[in-house]
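Q: Okay, here's the structure, questions in a sec.
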Amino acid sequence: MKQDEREPFVRALQRARVAAYAPGEFVDQEGFMRAGEIRALAARAGIAPGVSVLDLCCGVAGPGRIITQELGCTYLGVDSSSRALEIARERAGDLSCRFEVSRIPPIPPGRFDVVLLFETMLAFPDKETLLQEISRALTAGGRFAFTLEEGLPLTDEERERMPDADTVWLTPLQEMVSCLERVGLVVRWQDDCSQSHRAVADSLINAFAADAVDIAAQIGGRPTEELLAAHRLWSDWLREGRVRKIAFVAEKAETPRKT
C-alpha cells in the first residue's frame, strides 16, 4: 500500500473493523491483536506511569493511545506515513502522546524503557539491523515487546499469491531468538497467539466481505479484492501452521553478546 493511500484505507475499513471485533476489543488497531492482548503485552513489558515508550510503525496508534491513557507512560509513536500520524494526532486529543514521521530504521535518537513493534516485524527483510537499532535505543534492562510472524520464507509461488509480498518477510523462531541474543536482547516471555489471530482474521474477512460494496466505492475494486485475498491467505496459513503468530518480551542485557 502506498503511503498516500493510508488515510482512505483507514477510513474505508473503519466500520468493518469495528464490526469484526467483540465489544471493547477494537481500539483502532490495524492488525489481528485484540485490545486484551495489547493490554496484556504492555503489562508484561512493564509499562507504567513514568515509563518511556517508543512505538515503532505505530500507524494511527490505536494501541499506543490506549496504553498511554490507561497506563500513564511517556509515549512517542513513529511511522513513515504522515497521513496515518495525522489521524493518530486527531484521535489522541488531549492525551500526552507525541508522534514523529520517520522511516525505520534508523530509530529516533534517545533512550527508552520500552520499545513496541506490533504486527510489523514481517515488513523488515533485514531484521538484524532493525534489532541492533532497537537494542541501542533501550536503557539497560529495557524491554522490547513485539509480535512475530514465524515461519520459513515465502516460496515464489506464495509470493505471487500474496498482495504486497514485498512487505512479507517471515522468520523462523530460532533465527529470531538467535538474532535477539546477538544484539543483547534476551527473551523473557513468549506466547503463541496463532489461534486467536486466525479467529480475528476470519472475522475481518466476513466483515470486509459484508461491507465490500462500500469499501470498494472508497478505495476501488481491485484494492478491495487484494485486501480480502491477503486476509484469506493469512487465515489459511495460520490454520495450517504455515505461519505462527508469537508475542514476545525481550530484555536488554547489561553486556551484549559479541559476534
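The values are calculated or read from the model by the stated rules, or taken from the named source; none is laboratory data. Everything numeric in this text was worked out from a predicted model, so none of it was measured. Glycine gets a Cβ as well: all are built from the backbone with ideal geometry, and neighbour counts include every protein chain shown. Ligands, DNA and RNA are stripped out before the accessible areas are found, and what is left, the full protein with its side chains, is counted by its heavy atoms. Shrake-Rupley method; radii C 1.70, N 1.55, O 1.52, S 1.80 Å.
Q: Points 7 angstrom from Cα along the Cβ direction at A22 and A43: gap in nanometres?
A: With each label point 7 Å from Cα toward Cβ, the separation is 1.5 nm.
Q: Using only DSSP helix segments of four residues or longer, with each worth -39500 (n - 2.57), what per-residue ellipticity at 222 nm results for the chain after dividing by its residue count and rounding to 500? Each step should come with its number before you reach the end.
A: Working: 10 runs with 118 residues, N = 259.
About -14000 deg cm²/dmol.
Q: Next question, about the same structure. How much net charge surrounds C58 when only other residues with a Cβ under 10 Å from its Cβ are counted (Lys, Arg +1; Asp, Glu -1)?
A: Values: positive: R65; negative: E30, D55, D79, E100.
Computed value for this residue: -3.
Q: Taking the highest mean first, how do the peptides 14-25, 116-127 order by number of other beta carbon atoms within 10 angstrom per residue? Intermediate results must be reported in sequence, preceding the final value.
A: Working: 14-25: 14.7, 116-127: 19.5.
Descending mean neighbour count gives 116-127, 14-25.
Q: Once label points are set 7 Å from the Cα along Cα→Cβ at both R242 and D164, what is their separation, rounded to one decimal in nm?
A: 1.8 nm
Q: So for the chain: antiparallel DSSP bridges make up what percent, rounded to the nearest 5? Don't jump to the answer; show the numbers that get you there.
A: Details: 15 of 34 bridges.
Around 45 percent antiparallel, to the nearest 5.
Q: Multiply the residue separation of A212 and D191 by 0.36 nm, subtract the distance between their alpha-carbon atoms, and state the gained length in nm to one decimal.
A: 4.2 nm
Q: Turning to a different aspect of this structure: Where in segment 78-120 does the label zone of T139 land, with the point 7 angstrom along Cα→C-beta and an amide N cut-off under 17 Å?
A: Output list for this probe position: 109-116.
Q: Show me 245-251, 161-167 ranked by packing, highest mean number of other Cβ atoms within 10 Å first.
A: Numbers: 245-251: 22.9, 161-167: 13.6.
Going by the mean number of other Cβ atoms within 10 Å, highest first, we get 245-251, 161-167.
Q: In whole Å, what three semi-axes, largest first, describe the equivalent ellipsoid of the chain built from its Cα gyration tensor (square root of 5 times each eigenvalue)? It would help to have the intermediate numbers written out before the result.
A: Values: eigenvalues 158, 98, 55 Å².
After diagonalising the Cα gyration tensor, the semi-axes are 28, 22, 17 Å.
Q: Run the accessible area of the chain with a 1.4 Å probe and give the carbon-and-sulfur part as a rounded percent.
A: On the way: 5770 of 11760 Å².
It is 49 percent, rounded to a whole number.
Q: Please give the peptides 55-67, 199-211 ranked by average Cβ packing (other Cβ atoms within 10 Å per residue), highest first, as a rough proxy for protection.
A: Details: 55-67: 25.6, 199-211: 18.8.
Most protected by this proxy first, the peptides run 55-67, 199-211.
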